[in-house]
Amino acid sequence: MYSLILIIALSIAHVQDKPVNKDCMCKEHKLYGKIKIVNDFPDLTVKIVENFPDLNVQIVDNFPDKCGKWKFVSDFPDLKIKFVENFPDLKIKFVDNFPGMP
């Protein structure tokens, strides 16, 4: 009985370690669309990494309608982000192809 509880607890902890869910959302914010970079009051804090990203991001000019496709805008964003070095909500890697979950 104790081992079953331990296995369930570890599996729940493992699932909660991933910031991006299967619906391509992080903290109830969709991770595609029009993105604005801000210094104050971001929706998410983001760190750019080369290895082990939570999300592969492709910068596009049109149709940012799929997971990981971002269009940077200055007005009317879907999501406001702030780039940080420490304690990010999300780690991303910029890619030319195949955006989305790695």
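LYS82: which lysines have alpha carbons under 18 Å from its alpha carbon, excluding same-chain residues fewer than 8 sequence positions away?
LYS27, LYS30, LYS34, LYS36, LYS47, LYS69, LYS71, LYS91, LYS93
Under 11 Å from the Cβ of ASN56, count the other residues' Cβ atoms, weight Lys and Arg +1, Asp and Glu -1, and hand me the total.
Charge balance in the 11 Å sphere: +1.
Quickly work out the ILE48-to-LYS34 label distance, labels modelled 7 Å from Cα along the C-beta direction, and quote it in nm with one decimal.
It is 2.3 nm.
Could you work out Rg/(2.2 N^0.38 Å) for region 35-100, with Rg from alpha carbons only?
This ratio for region 35-100 stands at 1.06.
What spacing in nm lies between the two simple spin-label points modelled at MET25 and PHE76, each 7 Å away from Cα in the Cβ direction?
2.3
Count charges around LEU79 for me, please; just the other residues with Cβ under 13 Å from its Cβ, Lys/Arg as +1, Asp/Glu as -1.
Residues close to LEU79 contribute a combined charge of +4.
Readers should treat all values here as calculations from the given coordinates under stated rules, not as data from a laboratory. If you're wondering where the values come from, they're calculated on a predicted model, not measured in any experiment. Using ideal geometry, Cβ is built from the backbone for each residue, glycine included, and neighbour counts are taken over all protein chains shown.
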